[in-house]
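The values are calculated or read from the model by the stated rules, or taken from the named source; none is laboratory data. This is a predicted model, so every value here is computed, not measured. Every residue, glycine as well, gets a Cβ built from its backbone with ideal geometry; the counts of neighbours run over all protein chains shown.
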């Protein structure tokens with residue numbers, strides 16, 4: 001019986017992880033953490049019987065305790081609660097499906113507690129990869145990617161020699177605005193940007209996909225996961241989302257992972273690695289597919305991707321600024337306080353305003369996040 005804990009159990013990745021648990025009879029959920037959706041969390045507690053649960057706010061914890069007084073479960077809150085879930089003694093693997101830099105501290109503590117990490121929180125590596133990856137090596141725990149693209153790269157590397165890796169081909173759908181130029185994006189509304197052509201995702205990551213900033217964050221994440229230079233990661237637009245990513249070896253051979261756009265596949269692969277199991281669902285039908293097409297990304301229109309490459313090359317604290325500025329800009333766009341094209345403008349201004357620290361500590365990373373937010377609030 002594999003025992004897991006989940007940070008972000010009520011979000012897109014968290015709920016799909018629990019679908020994988022339902023479909024397999026040998027996973028036990030020992031701890032859950034969620035943000036504010038305590039109604040769904042209550043249902044999850046009653047179905048999966050975790051020993052410990054955490055929510056972010058104390059008042060939500062109190063409300064949940066009242067609702068769950070007939071159930072034997074520990075209910076905690078805040079950062080201490082997240083760390084309690086991440087480090088609970090009974091778990092073997094932590095699924096980090098929480099959104100934002102809030103996931104960094106619990107991930108670090110889970111690694112120190114000897115837990116393998118099924119990583120769906122890209123901010124952890126984008127802003128603190130220089131801390132996380134050496135720590136994982138020190139404590140001899142595995143970082144198993146849950147992002148579809150990084151899982152595809154991880155899977156494609158299984159049959160080859162890691163030392164012979166030449167470059168990574170990171171695929172992108174291009175989002176809902178693929179093929180448009182900047183002037184055609186001026187009047188884009190929230191509802192337009194939330195219509196992803198292929199994937200069902202949370203609101204923030206869907207906006208990130210439309211701006212292609214998400215792909216830029218994935219470039220930086222790939223750098224840390226697979227120990228490559230940023231310029232060894234090439235973004236390829238593949239609109240059908242059939243090829244989830246590829247690796248090219250020194251001899252020119254390219255290995256790809258293909259499939260339908262279903263996040264349960266990378267989740268299940270991470271939970272059972274290196275075992276493969278049957279997964280219910282639609283299968284790729286090449287007779288119906290007929291063609292797979294490719295394009296180069298438009299880094300002039302979607303220059304958030306270019307900014308991510310710049311941040312990844314410079315390294316240090318600059319990726320933290322990129323990530324924090326994007327988080328705040330997307331939040332403002334979703335709240336209809338700024339226009340769509342202001343998202344990359346805010347990121348670029350924040351990066352230009354920052355004096356880079358080469359090897360920031362965790363405390364400096366978190367301080368830079370707040371400084372970036374303050375800079376943005378003073379301007380927009």
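When each of 278, 286, 294 is tested for being touching a strand residue (DSSP E or B) at 6+ places or on another chain (Cβ under 7 Å) and farther than 30 Å from residue 371 by Cβ, the lone residue that passes is 294.
If you go through region 44-56 one residue at a time, do you hit one that is over 20 Å from residue 90 (Cβ atoms), in a helix (DSSP H, G or I), out of contact with any strand residue (DSSP E or B) (no Cβ under 9 Å at 6 or more places or on another chain) and without any contact (Cβ under 8 Å) to a residue 40 or more places away in the chain? Scanning region 44-56, I find no residue that is over 20 Å from residue 90 (Cβ atoms), in a helix (DSSP H, G or I), out of contact with any strand residue (DSSP E or B) (no Cβ under 9 Å at 6 or more places or on another chain) and without any contact (Cβ under 8 Å) to a residue 40 or more places away in the chain, so the answer is no.
Among the residues here, residue 126 does not qualify as in contact with a strand residue (DSSP E or B) (Cβ under 8 Å, 6 or more places away or on another chain) and either modelled with pLDDT of 95 or more or buried (at least 19 other Cβ atoms within 10 Å of the Cβ) (or both). Applying the condition of being in contact with a helix residue (DSSP H, G or I) (Cβ under 6 Å, 6 or more places away or on another chain), in a strand (DSSP E or B) and in contact (Cβ under 8 Å) with a residue 24 or more places away in the chain to region 74-95 and asking which residue is nearest to residue 53 (Cα to Cα) yields 76.
Given the criteria in contact with a helix residue (DSSP H, G or I) (Cβ under 8 Å, 6 or more places away or on another chain), free of Cβ contacts under 8 Å to residues at least 24 places away in the same chain and surrounded by fewer than 17 Cβ atoms within 10 Å (Cβ to Cβ), does residue 66 qualify?
no
Within region 308-340, the set of residues being surrounded by fewer than 17 Cβ atoms within 10 Å (Cβ to Cβ) and in contact with a helix residue (DSSP H, G or I) (Cβ under 7 Å, 6 or more places away or on another chain) comprises 313, 334, 336. Of note, residue 172 satisfies the criterion of being within 23 Å of residue 100 (Cβ to Cβ) and touching a strand residue (DSSP E or B) at 6+ places or on another chain (Cβ under 7 Å). I'm trying to understand the selection: among the residues of region 153-179, which are in a loop (DSSP other than H, G, I, E, B) and either surrounded by 15 or more Cβ atoms within 10 Å (Cβ to Cβ) or at pLDDT below 90 (or both)? 157, 159, 160, 161, 173, 174, 175, 176, 177, 178, listed by residue number. Of the set (1) at pLDDT below 95; (2) under 26 Å from residue 105 (Cα atoms), all apply to residue 291 but (2).
Looking across region 86-103, the residues that are over 19 Å from the mean Cα position of the chain (by Cα) and surrounded by 18 or more Cβ atoms within 10 Å (Cβ to Cβ) come down to 87, 88, 91.
Pick from region 190-222 the residues that are outside any helix (DSSP H, G or I) and in contact (Cβ under 8 Å) with a residue 60 or more places away in the chain: which of them is farthest from the chain's Cα centre (by Cα)?
Per the stated criteria, the residue is 198.
Residue pairs whose Cβ atoms lie under 6 Å apart, sitting 6 or more positions apart in sequence or on different chains, and linking a residue in region 291-302 that is surrounded by 19 or more Cβ atoms within 10 Å (Cβ to Cβ) to a partner that is part of a loop (DSSP other than H, G, I, E, B), are 301/181; 302/212. Every test in (1) within 16 Å of residue 264 (Cα to Cα); (2) buried (at least 22 other Cβ atoms within 10 Å of the Cβ) is passed by residue 24 save one, and that test is (2). Please work out if residue 225 is assigned to a strand (DSSP E or B) and crowded, with 20+ Cβ neighbours inside 10 Å. The answer is no for residue 225. Name the residue that is farthest from residue 53 (Cα to Cα), counting only residues in region 1-12 that are at pLDDT below 95 and under 17 Å from the mean Cα position of the chain (by Cα). Selected residue: 12. Name the residue that is nearest to the chain's Cα centre (by Cα), counting only residues in region 235-269 that are in a loop (DSSP other than H, G, I, E, B) and within 20 Å of residue 179 (Cα to Cα). Here the answer is 241.
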